[in-house]
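> Sending over a structure as structure tokens; questions will come in a sec.
The values are calculated or read from the model by the stated rules, or taken from the named source; none is laboratory data. All figures in this text were calculated on a predicted structure; none of them were measured in a lab. Please note: Cβ atoms are built from the backbone with ideal geometry, for glycine as well, and neighbour counts cover all protein chains shown. In case anyone asks, the SASA skips ligands and DNA or RNA and just uses the protein heavy atoms, side chains included. Shrake-Rupley method; radii C 1.70, N 1.55, O 1.52, S 1.80 Å.
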Amino acid sequence: MPKLTIDGREIEVEAGTTILQAAEHLGIEIPRFCYHERLAIAGNCRMCLVEVEKMPKPVASCAMPVGEGMVVHTNNANVRKARQGVMEFLLINHPLDCPICDQGGECDLQDQAMTYGGDRGRYQEEKRSVEDKDYGPLIQTWMTRCIHCTRCIRFITEVAGTPVLGGLGRSEHMEVGRYVGSAVSSELSGNLIDLCPVGALTNKPAAYTYRAWELKKTESVDVMDALGSAIRVDARGNEVIRVLPRVNDDINEEWISDRSRFACDGLKRQRLDRCFVRKEGRLVPASWGEAFAAIADNVKGMAGTKIAAIAGDQADCETLFAVKELMAALGSPNLDCRQDGTRLDASVRASYLFNSTIAGIEDADALLIVGSNPRIEAPVLNARLRKRWLKGGFKAAVIGPKADLHFKHEWLGDNASVLADLAAGKHPFLEVLKGADRPAIIVGQGALAREDGAVLLGLARQVAEAAGCVKTGWNGFNVLHTAAARVGGLDLGFVPQAGGRDVAGILAGAQSGEIAAVFLVGADEIDMKGLGNAFVVYLGSHGDAGAHRADVVLPGAAYTEKNATYVNTEGRVQRTRLAAFPPGEAKEDWRVIRALSDALGKPLAFDTPKQLRERMAGAHPVFAAEGVVKPAAWGTFGASGNVAAAPLASTIDNFYQTDPISRASKTMAECTAAFGAGCGCNGKKTGTHG
Amino acid sequence: MSNEDMTNFAFTPENLDAARKIIARYPSGRQQSAVMPLLDLAQRQAGWVGLPVIEYIGEMLEMAPIRVQEVVTFYTMYNQHPVGQFHVQVCTNICCLLRGCDGVAEAARESLGIGWGETTEDGRFTLSEVECLGACVNAPMMQINDDYYEDLTPETAKAIIEAFKQGETPKPGPQNGRQFSAPEGGPTTLKDLTFAGEKG
């Protein structure tokens, strides 16, 4: 390993490390624009120049590998002068419009110009101006501000896998632009805004509405898909202005999907900010007391078996736990958190987790995807799969919707019988899985939300066992969820208790009158007509399908408005943090359930979040540890039987609108109009929109 | 980039054959290295490089179209707009400028009746102003299709263009009688050079 001296300090680093990286090990920061640790090295901004003794000229430290005995100076007079020169050149054509630029205050160029910029320009000629490009409804372009670092080009090519951006023309005339007729419609396109070191690409929906220093930053967890990506919620006053990713190498590295980032304007629209009670067929505003009284009138004294609860996709664990306790107190066995009807088995934890972990999937060398389109179900995970594929030595195959996944894979068809063939050892891909050191399977909700879902789950288990996906130190059996609440619900056992009904049974019972009261905990994706004449209580944040059907509406908090627990698809327990208060009279959901339990005469045994969490962790030990994934024990699960002929499809038909928040979002509606339902790269519809 | 007249593009069988030979020059998996010769081949076939060419070659070499477009826009010798049968490119870079390219340019414009970047109405001639073509020793010069016409004067430039108009192909190279880039008026040094064994 080469040993070198940087600013008089010796360090030994691995061969192939660049000077910039070695300096970072020592805590020495070298300014840069084009270098980004998750992208290929370009070496074109020249801001990271350092002096290396015995080299005739300053060298770009981001692209220079270390050598034995190098003596590097990162901050002497020569280096500062060189960087000042670079900065002067960068600023020649930069408009210096910081006062009206949304990047102002969080701009790399602005920050570094404070150190290396001159106090006046020597450039007297005309500045160049560049026509703005149309990057769609999410990204505002100000191409005159562009300093040609090419981070956006590298991200969209390498990470997102939709190469539509490039540097066109040359020298003075070079412009970053997109290929004619193609849209910047990657599901990860919002990350370009974070990557842009200047104000050339900015947040279009939030344009001109904030200054970076006005925002209160709250570190939280995303619930728009089941990955639980680390996010930072930026709010001003009580308004969420934007959502940004945080670095979490275990889950999202530093990317988030466009829905996670831009659906936040849906938090301001269609909100339930007070109670409503249905009177003479119309929902009329009511106080909390009136709403609870209306529920008590209908539910008090009712036989427990006639009461049911269905949980939605963004319900937090505290609420689910409180609802489960309340249902137990009311004597109801009818509860279900699988509103999409997936045949998941809550009794074996390994059967519903992404067991390899998200970061761990990078260790897999063969992958079978069943009934899922990860590109629209979990774009960040898809980027991870692409990263794995780019490393080489990775064979992937898909049984399910045919889609451009941005990594090379074999499409085995969308018929579930292919999975049966694999399980029976009659399909050649089984040999590929068997031959791999660490084979993995990803089972999507599209395979499980079917009549024969349990059979397919059983078949997937058989394939996993036959192919050696489950062995010491490696469990490659993965279920990819689409709902942030699902794993938490299953961990809490929010499934039919002994003799209870599942979602289909509850709906059938409501039709026949055997179920007389239904609690919807943010459940909007069920068939509301199926609820028949049942008395429906809806607890949620948005006036979506559930609230329209409800007889009593109770306003709850969205994920940015509560300190709530979610369990991601890997089984990692994480907490969101309150970034803004719920609107109007809305309250944290579990508090509503706690108050309701009083009104129903069955008070629950906790009054504070601490008490609730202690009780929850007591009953379900997985909730005791936050942020870690504990390997789940393998077991037998799934059913045997015949598979149906219906093709396997993704459960998501529109990437941009999957839940009450994104359906209320104007930005997401604009994206749907502009890009179709996702997967619309190059403007060509692939016919795989779910 | 415009899409003026080109709606689709495919190599002719002969060119397809040539393209395969070009691709075969590079190691397998590195077929993208063939992008420049293939673009040249396509330009010789179609006259210019339109979007259909970019997409066709991108597909052939498994490159994203934007990667091909980057190459096309980087090199000025790929014509991004249709050009006439004869592409007259007059160098106006420093050596030619010092040696009187203004007169050559003026003669070309006058003779063709068009300005920079324009094509004559009959579609036969396109006139372009270009940067250095590397024939400084023979400045001023112009390139017509693949041939260099050097050591021009306004008169000789005009004569060459007129000859093309008549359907003739004037002899390329220096127009003032000198041999390639040898000194004007014949050799000035090594005139009495003798080699071992020669008598002199």
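> Anything over 25 Å Cα to Cα? Flag those among A:Lys3/A:Lys57; A:Lys408/A:Lys630; A:Lys529/A:Lys602; A:Lys217/A:Lys562, in the order listed.
Too far apart for the 25 Å limit: A:Lys408/A:Lys630; A:Lys529/A:Lys602.
> Sort all Cα-Cα distances of the stretch B:1-76 into consecutive 10 angstrom bins from zero, then give the percent of pairs in each bin up to the one containing the longest distance.
20, 57, 21, 1
> Now a separate question. At what distance in nm do the modelled label points of B:Ala163 and A:Ala498 sit from each other, each positioned 7 Å from its Cα along Cα→Cβ?
Distance between the two pseudo-spin positions: 10.7 nm.
> Right, something else. How crowded by other chains is A:169-177, given as the mean number of beta carbons from other chains within 10 Å of each beta carbon?
Rounded to a whole number, the mean comes out at 2.
> Using only the heavy atoms of the protein chains and a 1.4 Å probe, how would A:Asp234, A:Asp108 rank by accessible area, largest first?
Greatest to least solvent exposure: A:Asp108, A:Asp234.
> Can you send over the solvent-accessible area of B:Glu118, 1.4 Å probe, protein chains only, in Å² to the nearest 10?
Its accessible surface works out to 90 Å², give or take rounding.
> What is the distance in Å between the Cα centres of the stretch A:276-324 and the stretch A:544-615?
Taking the Cα centre of each part, the stretch A:276-324 and the stretch A:544-615 sit 13 Å apart.
> Here's something else I'd like to know. Compute and list, largest first, the equivalent-ellipsoid semi-axes of the stretch B:86-174 from the alpha carbon gyration tensor, each √(5λ) rounded to a whole angstrom.
Equivalent-ellipsoid dimensions as semi-axes: 19, 14, 11 Å.
> If you don't mind, there's one more thing I want to ask. If R0 is 30 Å, what FRET efficiency do you get for A:Asp97 and B:Leu98 from their C-beta distance, rounded to 0.05?
My answer for the efficiency is 0.15.
> Here is a further query. Can you put A:Thr202, A:Thr672 in order of accessible area, largest first, using a 1.4 Å probe?
The ranking, largest first, comes out as A:Thr672, A:Thr202.
> Same structure again: Skip the ligands, DNA and RNA, and give the accessible area per residue of chain A with a 1.4 Å probe, whole Å².
It amounts to 38 Å² per residue over chain A.
> Next question, about the same structure. Quick one: if the Förster radius is 30 Å, what FRET efficiency do A:Glu626 and A:Arg38 give, using the C-beta to C-beta distance and rounding to 0.05?
0.70
> Right, here's the next one. What value in Å³ per residue do you get for the convex hull of the alpha-carbon atoms in the protein assembly as shown?
242 Å³
> Farthest toward the dipole's positive end in the stretch B:86-174, which of B:Trp116, B:Thr92, B:Val137, given Cβ charges of +1 (Lys, Arg) and -1 (Asp, Glu) about the Cα centre?
Of the options given, the answer is B:Val137.
> A:Glu362 to A:Ala673: extension gain in nm, 0.36 nm per residue of separation minus the Cα-Cα distance?
This chain segment gains 108.5 nm when fully extended.
> Starting at 0 and stepping by 10 Å, how many percent of the alpha carbon pairs of the stretch A:64-153 end up in each bin?
13, 38, 30, 14, 5, 0
> For the protein assembly as shown, give the percent of accessible area contributed by carbon and sulfur heavy atoms, probe 1.4 Å, rounded to a whole number.
50 percent
> Roughly how many nanometres apart are two label points built 7 Å out from the Cα toward the Cβ at B:Leu193 and A:Ala424?
8.5 nm
> Could you size up the charge dipole of the stretch B:13-74 around its Cα centre, putting +1 on the beta carbon of Lys and Arg and -1 on that of Asp and Glu, and report it in debye to the nearest 20?
220 debye
> Could I ask something else about it? Evaluate the charge dipole of the stretch B:86-174 about its Cα centre and quote only its size in Debye, nearest 20, assuming +1 on the Cβ of each Lys and Arg and -1 on the Cβ of each Asp and Glu.
120 debye
> Note down, for the stretch A:214-345, the three equivalent ellipsoid semi-axes (square root of 5 times each alpha carbon gyration tensor eigenvalue), biggest first, whole angstrom.
34, 22, 12
> If the viscosity is 1.306 mPa s and the temperature 10 °C, what translational diffusion coefficient in µm²/s does Stokes-Einstein give for chain B when Rh comes from Kirkwood over Cα pairs?
Stokes-Einstein gives a translational diffusion coefficient of 83 µm²/s.
> For chains A and B, what's the summed buried accessible area, probe 1.4 Å, to the nearest 100 square angstrom?
Summing both sides, the interface buries roughly 1100 Å².
> Between A:Glu106 and A:Arg577, 0.36 nm times their residue separation minus their Cα-Cα distance comes to what?
167.2 nm
> Give the long-range amide H neighbours of A:Lys216: residues separated by 5 or more places, or on another chain, with amide H under 5 Å away, using H modelled in the peptide plane at 1.01 Å from N.
Correct list: A:Ala235, A:Arg236, A:Gly237.
> Helix A:379-391 against the longest principal axis of chain A: what's the angle in degrees, Cα atoms only, rounded to the nearest 10?
Computed tilt is about 50 degrees.
> A further question follows. When the solvent-accessible surface of protein heavy atoms is calculated with a 1.4 angstrom probe, in what order do B:Ser28, A:Ser220 fall, highest first?
B:Ser28, A:Ser220
> How much accessible surface area, in Å² rounded to 10, belongs to the heavy atoms of A:His548 with a 1.4 Å probe?
Per-residue accessible area (A:His548): approximately 130 Å².
> What does the structure give for B:67-79 when I average, per residue, the other chain Cβ atoms found within 10 Å of the residue Cβ?
Averaged over the peptide's residues, the number is 3.
> In addition: Would you mind working out the magnitude of the charge dipole of chain B relative to its Cα centre, with +1 at each Lys and Arg C-beta and -1 at each Asp and Glu C-beta, to the nearest 20 Debye?
Once rounded to the nearest 20, the dipole reads 680 debye.
> At a Cα cut-off below 21 Å, give the lysines reachable from A:Lys666, other chains included and same-chain residues fewer than 8 away excluded.
Excluding near neighbours in sequence, the set is A:Lys204, A:Lys268.
> Go ahead and estimate [θ] at 222 nm for chain B from helices alone: -39,500 (n - 2.57) per DSSP H run with n ≥ 4, summed, over the residue count, rounded to 500.
Calculated at 222 nm, the ellipticity per residue is -11000 deg cm²/dmol.
> Need one number: nm distance between label points at B:Thr7 and A:Tyr208, each 7 Å from Cα along Cα→Cβ, rounded to one decimal.
Computed distance between label sites B:Thr7 and A:Tyr208 equals 4.3 nm.
> Follow-up question, since we're still on this one. For A:Lys268, what accessible area in Å² do you get when you roll a 1.4 Å probe over the heavy atoms of the protein chains, rounding to the nearest 10?
110 Å²
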